[in-house]
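The values are calculated or read from the model by the stated rules, or taken from the named source; none is laboratory data. Keep in mind it's a predicted model, so treat the numbers as computed, not measured. Positions of Cβ are backbone-derived with ideal geometry, glycine not excepted, and every protein chain shown enters the neighbour counts. All accessible areas refer to the heavy atoms of the entire protein, side chains included, with ligands and DNA or RNA removed. Shrake-Rupley method; radii C 1.70, N 1.55, O 1.52, S 1.80 Å.
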Amino acid sequence: RFLMKGGLAGAAVYVAYDQGLLGSGTQGAEALKKAQETLPPAIQEWTNYLGWELPSTPKIDFSLSNSWNKGVHKVMSALSVAPTRACEYTVEGWKYVKDLVK
C-alpha cells in the first residue's frame, strides 16, 4: 500500500516535471496554456462517452507571469523609495519631539 502511494506520488512529480510545471515561470505559463487548450475537449469526450452532462466551465483570463511581474515591480519600487521615506519620517519625528519638549 505504501509502495503504491509512493509510486503514484513519484509518477505525479515526474509528469509535472515532464510537462514543465517545475521549471521557470514561462515554462509554467506555457504548460498552463497547453492544459487549458487540451483539457476541455478531453473532458467533453469523456462526458459524452459516459453519458454525463456537465455545466460549462467559466473562462478565466489570468496570467500568472504578469501578476508575478507586477508584484516584483511593486516590491522593488517600495524598496527603492524606502531610504528617502525613512529620512522624511525621521525629520518629521524629530520635529514632533522638539514640539513636545517646548
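Anything over 32 Å Cα to Cα? Flag those among K34/K70; K74/K98; K74/K95; K5/K34; K5/K59; K74/K102, in the order listed. Spell out each step's value before the answer.
Numbers: K34/K70 23 Å; K74/K98 35 Å; K74/K95 30 Å; K5/K34 27 Å; K5/K59 34 Å; K74/K102 40 Å.
Where the Cα-Cα span goes over 32 Å, the pairs concerned are K74/K98; K5/K59; K74/K102.
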Measure nothing fancy, just the Cα-based angle from helix 2-18's long axis to the longest principal axis of the chain, in degrees from 0 to 90, nearest 10. 70 degrees
Rounded to whole Å², per residue accessible area for the chain with a 1.4 Å probe reads 95 Å²
Those GluC sites (Glu not before Pro) from the range 33-99 that are DSSP loop and have at most 11 other Cβ neighbours within 10 Å turn out to be E53
Using only alpha carbon positions, build the gyration tensor of the chain, then give the equivalent ellipsoid semi-axes as the square roots of 5 times its eigenvalues, largest first, whole angstrom. 53, 20, 15
Please state the equivalent ellipsoid semi-axes for the range 62-101: what are the square roots of 5 times the Cα gyration tensor eigenvalues, largest first, in whole Å? 37, 9, 4
Can you pull out the trypsin sites (Lys or Arg not before Pro) in the range 16-94 whose DSSP state is coil and whose Cβ has at most 11 other Cβ atoms within 10 Å? K59
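Would you mind giving the average projected area, over all directions, of the Cα convex hull of the range 1-54 in nm² with one decimal? List each step's numbers first, then the result.
On the way: hull surface 21.0 nm².
So the mean shadow area of the Cα hull is 5.2 nm².
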